[in-house]
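Here the structure comes first, spelled out in structure tokens, and everything after it is commentary.
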Amino acid sequence: MTLRKVTLYILILMLGFVSCKKDDSLLDIEVELRDRTEQQLVDNDSIINYLETHYYNSDFFDASNTDPNTKDLIIMPLGEGETSAPDGNTLLFNAVETKAIVFAETDYQYYILRLNQGGGVDSPTFADNVLVTYEGFTLDGEVFDSKVNPDTPFDLLNLIPVWRKVLPQFNTAESFIENSDGTVEYLNQGTGVMFVPSGLGYFSSSATGISSYSPLIFKFELYKKIENDHDGDGIPSYKEDLNNDGEFNVNFENLKDDTDDDTDGDGTPDYLDKDDDGDSIPTRNEDLDNDGDPTNDIGANGIPNYLDPEETGFIIKS
């Protein structure tokens, strides 16, 4: 496929010790927009090579460890001439789970090292908020981001795609303890490592410490999930993914918005639309039996009232 060119204009702010200098200017950086399938093949080869040449301290994470966490994880490269991991360790390639998905009309593979499933009863959906800690690093071991305290929830919809794919496969913490100093200790949380192709990460974009088209690695611990209802219409956001593809409003190169999740076609996906079917009746007022769930109020056409503009019955809610 012919490679296309795009020009990304990045505003470079030249920060002085106290204030911005007056000669701030735009810097044109030409980034080659690569074919997603071709780039996935390159990324996957790089990740496989990493997995085949690195091992981790697997004995530390055996069944006797009831509260594993990533600070105890040690990943090391094989020494020169070595082909197998030392005793008590396991080659990553022999330990990871291979996952296959379709994203942005491209077949992707990513890999998970599952250190602990998590003892909680909940798992997040792709549209929830989560409390996590993590460390992100490149294949050459350079750390580019981390969070050491699970004190701020992250909206999975605001993160790179792979987080929405991986975290729903883990459970939250089994329990927690509130300490007198206001901190919280979690027990038996979901713990793992994800190995990510650039197409499920930043792809052609770059970020601090990350160049374009970089495969990434994230260690993570999942403590808690908070169900999201982004538009406050009484329907959890994940239930407004009508085509069940785990995404909203996909905007990629030569791809259109995810119109399957925009019932009334007004350009606002249902999870952000307080009137999903465009009948001028707020979705939350189309919960006719007032049970807090508009999805089970089925009209004459066999679909929920809140998705059917021909069904205009409603109740007033304050």
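The values are calculated or read from the model by the stated rules, or taken from the named source; none is laboratory data. Source: prediction; values computed, not measured. Cβ coordinates were reconstructed from backbone atoms using ideal geometry, including for glycine residues, and neighbour counts include every protein chain displayed. Please note that ligands, DNA and RNA were not included when accessible areas were found on the heavy atoms of the full protein model with its side chains. Shrake-Rupley method; radii C 1.70, N 1.55, O 1.52, S 1.80 Å.
For region 165-318, a crude dipole built from +1 on the beta carbon of Lys and Arg and -1 on the beta carbon of Asp and Glu, taken about the Cα centre, is about 1200 debye to the nearest 20.
Sorting T125, T53 by solvent-accessible area of protein heavy atoms yields T53, T125, largest first, with a 1.4 Å probe. Set the Förster distance to 30 Å, then compute FRET efficiency between V121 and D260 from the Cβ-Cβ distance, nearest 0.05. Efficiency at R0 = 30 Å is approximately 0.45. Here the simple spin-label model places points 7 Å from the Cα toward Cβ, and for D45 and V102 these points are separated by 2.6 nm. So which of K71/K219; K71/K165; K71/K99; K165/K274; K99/K219; K147/K219 end up more than 19 Å apart by C-alpha? Among K71/K219; K71/K165; K71/K99; K165/K274; K99/K219; K147/K219, the Cα-Cα distance tops 19 Å for K71/K165; K71/K99; K165/K274. Here region 106-149 and region 292-318 have alpha carbon centers that stand 38 Å from each other. Taking the Cα centre of the chain as reference, the dipole from Cβ charges on Lys and Arg (+1) and Asp and Glu (-1) amounts to some 1440 debye. Applying 1/(1 + (r/R0)^6) with r as the Cβ-Cβ distance of E82 and D59 and R0 = 22 angstrom yields a FRET efficiency of 0.80.
Per residue, region 257-318 exposes 52 Å² of solvent-accessible protein surface, assessed with a 1.4 angstrom probe and all protein chains in place. Sorting the segments 165-178, 33-46, 56-69, 214-227 by their residues' average number of neighbouring beta-carbon atoms within 10 angstrom, most packed first, yields 214-227, 165-178, 33-46, 56-69. For the chain, modelled as a GNM whose springs connect Cα atoms under 10 angstrom apart, the maximal fluctuation among T183, T98, T283 occurs at T183. Summarising the label geometry, the points placed 7 Å from Cα in the beta-carbon direction at K239 and D181 lie 4.2 nm from one another. For the chain, the longest principal axis of the alpha carbon atoms and the long axis of helix 36-53 meet at an angle near 40°.
Modelled this way, with points 7 Å down the Cα-to-C-beta line, the labels at T208 and E174 are 3.7 nm from one another.
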